[in-house]
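Q: Please find one structure pasted underneath; my questions will follow.
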Amino acid sequence: MPAAAVALRLGASTTLAHHVLPPLLAEFQRRWPAVALRVQPANSALVAAALVRGALDLGFVEGTARAPGLHYERLLFDELVAVRGATAAGPPVASLPLAEALAHPLVLREAGSGTLDVLEAALQAHGIALASLPALTYCADTEAIKGLLLAKSGTLGFISRRALVTELVSGQLEEVPIRGLLLARELLAVWRSEPALPEAARQFLALCRERA
């Protein structure tokens, strides 16, 4: 009987699944065509939970949360930026004080998202609780946030710069600098501390390290 196909089960947060992993997946398939890739996009908390219960071999997440029993390794740095639907053509948006920026209706990622995790931590450093802000809308998908920003003027969202290349170049969305708000974050590989990573997962992680 022929040997069973080797499957590699990957989980990744939205930013990583759509804007970081695709070229790595293509390269991995060229190098190891016998490995069947299974990619599950989900927020960072759901990826971690799937790893803990053994439903994934390797995950890719962002944010500050750490689940017990998992090993985390930084691969890349990332930056969240505030954006809104572009207004009439004119000079670049002037930077806003934090209080003025937060007075806008905000469109945010859902609980469990690494994006929301990073934003909450940055606001807490300024003594601001996210739940205390008015007019919050939560979305489970970055593309849904973009759609709401385009549809509703005056609304502000926080999105990875990696996910905004097309919209910023085309002028559909514009960046809104916020004075004093630092939204840098790490993009991480994560896997169970035990048992050892399967061979296919080790090879994919090695490729990520090589390209990072």
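The values are calculated or read from the model by the stated rules, or taken from the named source; none is laboratory data. From a predicted model like this one, the values you see are computed outputs, not experimental measurements. Counting neighbours? That spans all protein chains shown, and the Cβs are built from the backbone with ideal geometry, glycine included. We work out accessible area using only protein heavy atoms, side chains counted, and drop any ligands, DNA or RNA first. Shrake-Rupley method; radii C 1.70, N 1.55, O 1.52, S 1.80 Å.
Q: What is the set of long-range amide H partners of Leu75 at a cut-off below 5 Å, with H atoms built 1.01 Å from backbone N?
A: Residues meeting the criterion, in which the H sits 1.01 Å from N, are Leu187, Leu188, Ala189.
Q: Along the charge dipole of the range 1-133, which of Ala12, His104, Ala36 sits closest to the positive end, that is, farthest toward it, with unit charges on the beta carbon of Lys, Arg, Asp and Glu (+1, +1, -1, -1)?
A: In the range 1-133, that residue is Ala36.
Q: Along the Cα-to-Cβ line of Ala103, 7 Å from the Cα, sits a label point; which residues in the range 169-203 have backbone N less than 15 Å from it?
A: 179
Q: Report the FRET efficiency, 1/(1 + (r/R0)^6), for His71 and Ser153, where r is their Cβ-Cβ distance and R0 is 30 Å, rounded to 0.05.
A: 0.10
Q: Next up: Counting only the backbone N, which residues of the range 174-199 are under 19 Å from the spot 7 Å out from the Cα of Ala7 toward its beta-carbon?
A: Correct set: 192, 195, 197-199.
Q: Next up: Any chance you could give the angle, 0 to 90 degrees and rounded to 10, that helix 21-31 forms with the longest Cα principal axis of the chain?
A: Taking Cα atoms only, the helix is inclined about 20 degrees.
Q: Further question: Measure nothing fancy, just the Cα-based angle from helix 142-151's long axis to the longest principal axis of the chain, in degrees from 0 to 90, nearest 10.
A: Computed tilt is about 20 degrees.
Q: Rounded to a whole number, what % of the accessible area of the range 96-207 do carbon and sulfur atoms account for, probe 1.4 Å? Intermediate results must be reported in sequence, preceding the final value.
A: Values: 2920 of 5080 Å².
The value for the range 96-207 is 57 percent carbon and sulfur by accessible area.
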